[in-house]
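Enquirer: Got a structure for you, written out below as structure tokens; questions coming shortly.
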């Protein structure tokens, strides 16, 4: 039987190709996801393997909000170097910077870090690899000099001797005019990474308060291990040891890897979630393919039974064929997955901060590609194989297959029961808030998908029948023929359409969430902000404090209110809010006070939102004790509670509180609100504001509509990435329709030949296939959009606790989706229709 199976595969090359094609579609996405994340992980690991060169022990503050390591500890370590076994000791300070390119515009990092650090001269460096200046340059010696990494210099068009500007995100009052005096070639780095290195005095002035340093790195003398040096330093710190992280160089590198790998793990989960979607879609296609192939081979199996083959031998032959094509399809899927990973990696390296490096094809990706192809194919072929084994010898006497004629009653009843329970779960979840209801909605959504699979054939028949009457009416007899073909086998039509249903369901869910997010932003800006102009940094970069002064001096400006970030602890729990500095807060925002007579923000107090009051148990009159990064405790009274305003979440403190909680070197503004003086021309004011802030590189001036548009564009960019990932699943669905229609044409070869013999011309054959594909595609699209919209609305309601507003249904997306599904139906049918039209009448009738 194995020989018969292999010969059968070789004899039917088209059928083999279509089967392989369905398996490749289902496995390439899984393999590609694993190769892509594995490559990015390896690139990051390569970077961190070369990090902290020569460092035996590093001392950093344990609290990220801390101003750093006190100079007294640095002096102690220097004075007792011999006692501790320290060979060399260097300090490093760092902070956010923005560097201008050769055209005077900010270097675009694509999300990668843009930092300023301390230059370590070669004589002081812990390792020869640290601070190696390329020929033709030198290290910075004065405040107006920097060393720049080569990749950033090349991207910015800068070289040794180039003059440029730097804006420091923390502390510096004005942009710095600097000269690039050297280039440093890092062994590897993320794409877009910018590193400007300053001399020690300048970096201390720019990035510290003068009493602390960012980090202390040390190498050990011969005979002292990093672990021994670590123990000695911890002992010397005594009771204060818990305030600092004292780590060996290996621990520093491993911690950096762990942080990135945690991000990559989440990223991989997202990719594998999309891979699972593609795999589910591919599984339906593979199952559909084997079901059709087995149905087409009924006579062949019956003849095998007639000449003595047992049921077990027939089923084993089908499973053996599935195993062979599964191995081949898995191998091809792996190859295509590697190509997909290479393409995705090239795109992300060019457009984001992810690192560039070699493609890493590990054994896990190889095994996953092959095993998924084999396992999915074997599972998909199991039911058709069992069905094939039950074909009696007398079936060879029949002229056609009866596949698909079994009753739908039992599966429809089961699907209806699951569907009712799923709808109930979705409704109950939508009425609640928080993670629990969201999980309930997710469980209901999974049940709804399963219900759609089970009852799909039952609802496909009446839906497609009615739709076929409407769409097919202008085409007369050809339209009726297409409708008949589409409803003849509802199982196959539903399975073919479900691939499209799943993809469009996810599109509708994401579209509803995205549109609701944008609606929430629009409502928040319209209802909460009254300022004429909003000043913010590009790429979410902070604004130097000096920007406030520059704007305040522009003629025609009435009020300037800057918002700074405040991070502190309350009862060992980290809290993040904002400060309002400058003019009165209620002059640029809407303060609908729910508890408190005045909306004026006290200099030494705070205002909180209703949501914050409920979450933290705070109310007007309470005194909240904040602990700053320096350990200072600040008691802040709550002066009032305002109605939830997304522009002012979660709480706002006055300037005196801000100065106590946030050290000067850590103060940054995230947004400035500007009001024009009465009678001021807004266009003129805008030009003056842009001129006053041009030197700060990242500052952008926007009115409220532009501000909303920018946030909406960021949401669209995020959704675009998700849609691109879903596009692969939709592509699989479209190719699955092509695959199914092509097999359907093969199955109906004799039927088509008969129609050709009695006068149907080729154009009519093509038209009937087009209409059949359109009917199936629209059915899948309507079912997917309905499911996705219901689930999306429910999910939006569960997220109300986090500030998401009322659900907004993406009507334009729905209309576009339904129209596009009809177009997809025509495109998917092009090749099968042409193949069907070329069927010769005599050849088809003679075919057995």
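Enquirer: If you take the beta carbon distance between residue 414 and residue 670 as r and set R0 to 51 Å, what does 1/(1 + (r/R0)^6) give as a FRET efficiency, to the nearest 0.05?
Expert: Numbers: r = 54 Å, r/R0 = 1.06.
E(calc), rounded to 0.05, equals 0.40.
Enquirer: Return an integer: the convex hull volume of the alpha-carbon atoms of region 533-702, in Å³ per residue.
Expert: So the per-residue Cα hull volume is 113 Å³.
Enquirer: With axes computed from alpha carbons, what is the tilt in degrees of helix 682-693 against the longest principal axis of the chain, rounded to the nearest 10 within 0 to 90?
Expert: 70
Enquirer: Pulled fully out, how much extra length does the chain show between residue 259 and residue 105, if you take 0.36 nm times their separation in residues and subtract their Cα-Cα distance?
Expert: Contour length minus the Cα-Cα distance gives 52.3 nm.
Enquirer: Under the classification rounded if a/c is under 1.5, otherwise prolate if a/b is larger than b/c and oblate if not, where does region 759-848 fall, given a ≥ b ≥ c as square roots of the Cα gyration tensor eigenvalues?
Expert: Judged from the Cα gyration tensor, region 759-848 comes out prolate (a/c at least 1.5, a/b above b/c).
Enquirer: Would you please give the FRET efficiency between residue 480 and residue 838, computed as 1/(1 + (r/R0)^6) with r the Cβ-Cβ distance and R0 = 35 Å, to the nearest 0.05?
Expert: The pair residue 480/residue 838 has a calculated efficiency of 0.90.
Enquirer: Report the semi-axes of the equivalent ellipsoid for region 51-259 in whole Å, largest first, where each axis is √(5λ) for an eigenvalue λ of the Cα gyration tensor.
Expert: 31, 18, 16
Enquirer: Which residues in region 781-798 place their backbone N less than 18 Å from a point set 7 Å from the Cα of residue 443 along the Cα-to-Cβ direction?
Expert: Within reach of a label on residue 443: 791, 794-795, 798.
Enquirer: Can you compute the FRET efficiency between residue 383 and residue 46 using 1/(1 + (r/R0)^6), with r the Cβ-Cβ distance and R0 = 56 Å? Round to the nearest 0.05.
Expert: On the way: r = 47 Å, r/R0 = 0.84.
The pair residue 383/residue 46 has a calculated efficiency of 0.75.
Enquirer: Next question. What angle do you read, to the nearest 10 degrees and between 0 and 90, between the alpha-carbon axis of helix 811-837 and the longest principal axis of the chain?
Expert: On a 0 to 90 degree scale, this one is about 40.
Enquirer: Here is a follow-up. How far, in nm, would the chain grow between residue 590 and residue 323 when pulled straight, counting 0.36 nm per residue and subtracting the alpha carbon separation?
Expert: Using 0.36 nm per residue and subtracting the Cα-Cα distance, I get 89.4 nm.
Enquirer: Counting helices only, and only those DSSP H runs with n ≥ 4, report the 222 nm mean residue ellipticity of the chain as the sum of -39,500 (n - 2.57) divided by its residues, in deg cm²/dmol to the nearest 500.
Expert: That calculation yields -19500 deg cm²/dmol at 222 nm.
Enquirer: Given 0.36 nm per residue, what is the gain on full extension from residue 303 to residue 236 after removing their alpha carbon distance, in nm? Each step should come with its number before you reach the end.
Expert: Working: separation 67, 0.36 × 67 = 24.12 nm, distance 8.85 nm.
Gain in length upon complete extension: 15.3 nm.
Enquirer: Here's something else I'd like to know. Give the peptides 415-423, 562-570 in descending order of average Cβ contacts within 10 Å, highest first.
Expert: Averaged packing, sorted descending, gives the order 562-570, 415-423.
Enquirer: Still on this structure, please answer the following. Quick check: pseudo-label points 7 Å beyond the Cα along Cα→Cβ at residue 83 and residue 185, how many nm apart are they?
Expert: Here the modelled spin labels are 4.4 nm apart.
Enquirer: Regarding region 474-580, what whole-number volume in Å³ per residue does the convex hull of its Cα atoms give?
Expert: Hull volume over Cα atoms, normalised by residue count, gives 261 Å³.
Enquirer: From the Cα gyration tensor of region 567-607, with a ≥ b ≥ c the square roots of its eigenvalues, which class applies: rounded if a/c is under 1.5, or else prolate if a/b is larger than b/c, or else oblate?
Expert: Prolate, since a/c reaches 1.5 and a/b exceeds b/c.
Enquirer: Label residue 243 and residue 558 with points 7 Å out from Cα along Cα→Cβ: what is the distance between them in nm?
Expert: With each label point 7 Å from Cα toward Cβ, the separation is 4.8 nm.
Enquirer: Report the semi-axes of the equivalent ellipsoid for the chain in whole Å, largest first, where each axis is √(5λ) for an eigenvalue λ of the Cα gyration tensor.
Expert: Values: eigenvalues 769, 238, 125 Å².
So the three semi-axes of the chain are 62, 35, 25 Å.
Enquirer: Between 0 and 90 degrees, rounded to the nearest ten: what's the tilt of helix 249-296 against the longest Cα principal axis of the chain?
Expert: With rounding to tens, the tilt is 10 degrees.
FYI, it's all coordinate maths here, none of it is from the lab. The structure presented is a predicted model; accordingly, all values stated were derived computationally and were not measured. Note: ideal-geometry Cβ built from the backbone for every residue, glycine included; neighbour counts use all protein chains shown.
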